[in-house]
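Below is one structure, written out as structure tokens; the observations come after it.
The values are calculated or read from the model by the stated rules, or taken from the named source; none is laboratory data. Not measured: the values here are computed from a predicted model. Please note: Cβ atoms are built from the backbone with ideal geometry, for glycine as well, and neighbour counts cover all protein chains shown.
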Amino acid sequence: MKVALETNQLIALAMKQIEPHVVAAYPITPSTEVVQEFSQYVANGDVKTEFVPVESEHSAMSACLAASLSGARVMTATASQGLAFMWEMLHIAAASRAPIVTIVANRALSAPINIHGDHADAMGARDTGWLQLWAETAQEAYDNTIQAIKIAEDPRVRFPMLVNYDGFTTSHAVETVEILEDEQVRSFLGAAPKPKYSLLDTENPASFGVLALQDYYMEFRRAQAEAYKNVKDVVLEVAEDYAKLTGRKYGILEEYKLDDADVVLVAMNSAAGTAKETVDLLRKQGKKVGVLKIRLFRPFPVEEIRCALGNAKSVVVMDRAYTYGGPSGPLFEEIATALVNEKNKPLLGNVIAGLGGRDITMEDIEHVFDLGFKALEKGNFEPLVSWVGVRE
Amino acid sequence: MNEQKWNELPEGVIVPEGGNSQDVYIVEGWRTFKPVVNLEKCTHCMTCWVMCPDNAVNVKGGKMLGFDYLACKGCGVCAEVCPVKVIEMVKEER
């Protein structure tokens, strides 16, 4: 069935179709409507979800954590300062293996206060242990939301997951999308798998959130680090099942005209669409360019990235966030790490673009590809990091 | 103590059984004073058992039997709350 909805409304609809047991949330721009519309479904009796309107995002994630550890299917939505305010609970949710799915309409962090699209919020959560899916379009955001539940709850995974899409650019855009029937969503997901131990299981009591000092902390963390190795297989399996149901097939990455591309742009979320359009334009001029879009950012798909960038001569990584005081943007750091010991690695450069919702235009993308070609002529990116679309 | 390796731990930050910290965390060395009960005068009211923060009061069949000195940190709550004042805090001599 086709519908034309604003992405936030569409995601609220997806949540209605999923009908989680518990949603604890505190609204924040630009994801407010997800919570607002969903709370209307609850008030109208369309879903039986226990909706907990809390006093802050910290409490939202705390309530989600307890509900999830009791074995419930749990969702919430946030952005920017809200995700930042959840920060300490994010770590606890991941280490506790609580498969909460959190919708994030990516937005810049203060200061200065800004409500628009930017990846600083989710990038700030990149070391918390949460899985992360990223979406270019409303359709991808909808499809990722449904798949995220199945990935996160899989007994081989059991990690919480962020579902990202750009604030305003995507969250407030109306697109025509293909949606599933409620029944199809529910049968695709099935019942939430029962965890081995749960907070409300009085037959099998366990201590949760325990203390582990010098003698055990490292073992707990080492075990957590290892558990991410299963995730990619499950992401692909779920994508396969979802493709059978919908005909829409997803991977870990999306490779756009990479086979013979000399210069490759790596991008995430909505800018990847602009980049693909620009590639089509530049291809008509005979330039061998391509785009690599990251769908699964956590766990970071090191092998897939090595493989996708294997033929490129020059790679420009576009970050919509910056690591202040650090060497580059966060995505660049990780791509560079993935390639550091490769024998025939491409030249690598980083651009910072679109902070605080500044448009990333096709002209910007053309300029970025130009930087990639210039690096090929000169033999290196100089400087390593360039800010694009900023007045200077 | 048999220390588990990382791949022997249960999933998540849980301990899948109750009350096992008594075998792991021995705290008798923390004490400056230790509680000593006069069982001849004890009324077995269980107030100390309820109030002890470390589950260090040994009880069986409704009777107070004494203290688990491996688990007792010597906080003195039991002596403070005892309604008949038959628990005395005695200085540890080491």
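In table form, for the structure just shown:
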quantity: Within the stretch A:66-82, considering residues that are within 23 Å of residue A:40 (Cα to Cα) and part of a helix (DSSP H, G or I), the one farthest from the other protein chains (Cβ to nearest Cβ); calculated: A:82
quantity: Filter result (of a type outside the set (A, V, I, L, M, F, W, C), at the interface with another protein chain (Cβ under 8 Å from one of its Cβ atoms) and surrounded by 11 or more Cβ atoms within 10 Å (Cβ to Cβ)) within the stretch A:198-209; calculated: A:205, A:207, A:209
quantity: Qualifying residue in the stretch A:216-226 (condition: closer than 30 Å to residue A:139 by Cα and under 23 Å from the mean Cα position of the chain (by Cα)); calculated: no
quantity: Counted residues, the stretch A:313-335 - those being in contact with a Lys or Arg (Cβ under 9 Å, 6 or more places away or on another chain) and closer than 19 Å to residue A:252 by Cβ; calculated: 4
quantity: Filter result for residue A:194 (of a type in the set (D, E, K, R) and either facing chain B (nearest Cβ under 9 Å) or exposed (fewer than 12 other Cβ atoms within 10 Å of the Cβ) (or both)); calculated: yes
quantity: Tabulated pairs, the stretch B:73-94, first in contact (Cβ under 8 Å) with a residue 60 or more places away in the chain, second outside any loop (DSSP other than H, G, I, E, B) and not acidic (Asp, Glu), C-beta under 6 angstrom, 6+ apart or interchain; calculated: B:92/B:34
quantity: Some residue of the stretch A:307-329 being in contact with a helix residue (DSSP H, G or I) (Cβ under 8 Å, 6 or more places away or on another chain), in a helix (DSSP H, G or I) and at pLDDT 95 or above; calculated: no
quantity: Some residue of the stretch A:248-264 being of a type in the set (Lys, Arg), touching an Asp or Glu at 6+ places or on another chain (Cβ under 9 Å), part of a strand (DSSP E or B) and surrounded by 15 or more Cβ atoms within 10 Å (Cβ to Cβ); calculated: no
quantity: Any hit, the stretch A:53-64, residues being in a helix (DSSP H, G or I), over 30 Å from residue A:217 (Cα atoms) and away from chain B (no Cβ under 14 Å); calculated: no
quantity: Qualifying residue in the stretch B:24-39 (condition: within 26 Å of residue A:208 (Cβ to Cβ) and hydroxyl-bearing (Ser, Thr, Tyr)); calculated: yes
quantity: Selection within the stretch A:96-113 - away from chain B (no Cβ under 14 Å) and under 15 Å from residue A:34 (Cβ atoms); calculated: A:101, A:102, A:103, A:104, A:105, A:106, A:107
quantity: Number of positions in the stretch A:358-373 that are crowded, with 19+ Cβ neighbours inside 10 Å and part of a helix (DSSP H, G or I); calculated: 6
quantity: The listed residue being surrounded by fewer than 24 Cβ atoms within 10 Å (Cβ to Cβ), touching a Ser or Thr at 6+ places or on another chain (Cβ under 6 Å) and of a type in the set (A, V, I, L, M), out of A:47, A:42, A:52, A:23; calculated: A:42
quantity: Filtered residue count, the stretch A:131-173, keeping only those that are basic (Lys, Arg) and either outside the structural domain of residue A:9 (by TED's automatic domain parsing) or not in a loop (DSSP other than H, G, I, E, B) (or both); calculated: 1
quantity: Residue list for the stretch A:152-166, restricted to those being out of contact with any Pro (no Cβ under 6 Å at 6 or more places or on another chain) and over 16 Å from residue A:15 (Cβ atoms); calculated: A:154, A:156, A:157, A:159, A:166
quantity: Residue in the stretch A:136-180 that is surrounded by the fewest Cβ atoms within 10 Å (Cβ to Cβ), counting only those that are in contact with a Ser or Thr (Cβ under 8 Å, 6 or more places away or on another chain) and of a type in the set (Asp, Glu); calculated: A:178
quantity: Index of the failed condition, residue B:50 passing every other in (1) loosely packed, with under 12 Cβ neighbours inside 10 Å; (2) over 30 Å from residue A:90 (Cα atoms); (3) within 14 Å of chain A (Cβ to nearest Cβ); (4) of a type in the set (A, V, I, L, M, F, W, C); calculated: (3)
quantity: Test set (1) within 14 Å of chain B (Cβ to nearest Cβ); (2) surrounded by fewer than 21 Cβ atoms within 10 Å (Cβ to Cβ); (3) assigned to a helix (DSSP H, G or I) - residue A:212 fails condition number; calculated: (3)
quantity: Test set (1) over 26 Å from residue A:245 (Cα atoms); (2) assigned to a helix (DSSP H, G or I) - residue A:118 fails condition number; calculated: (2)
quantity: Residue A:108 assigned by TED's automatic domain parsing to the domain that holds residue A:131, under 21 Å from the mean Cα position of the chain (by Cα) and in a strand (DSSP E or B); calculated: no
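Quick grid of which residues meet (1) within 14 Å of another protein chain (Cβ to nearest Cβ); (2) more than 19 Å from residue A:135 (Cβ to Cβ); (3) in contact (Cβ under 8 Å) with a residue 24 or more places away in the chain; (4) of a type in the set (Phe, Trp, Tyr):
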site: A:218; (1), (2), (3), (4): yes, yes, no, no
site: A:230; (1), (2), (3), (4): yes, yes, yes, no
site: A:239; (1), (2), (3), (4): no, no, yes, no
site: A:250; (1), (2), (3), (4): no, no, yes, yes
site: A:277; (1), (2), (3), (4): no, no, yes, no
site: A:290; (1), (2), (3), (4): no, yes, yes, no
site: A:293; (1), (2), (3), (4): no, no, yes, no
site: A:298; (1), (2), (3), (4): no, no, yes, no
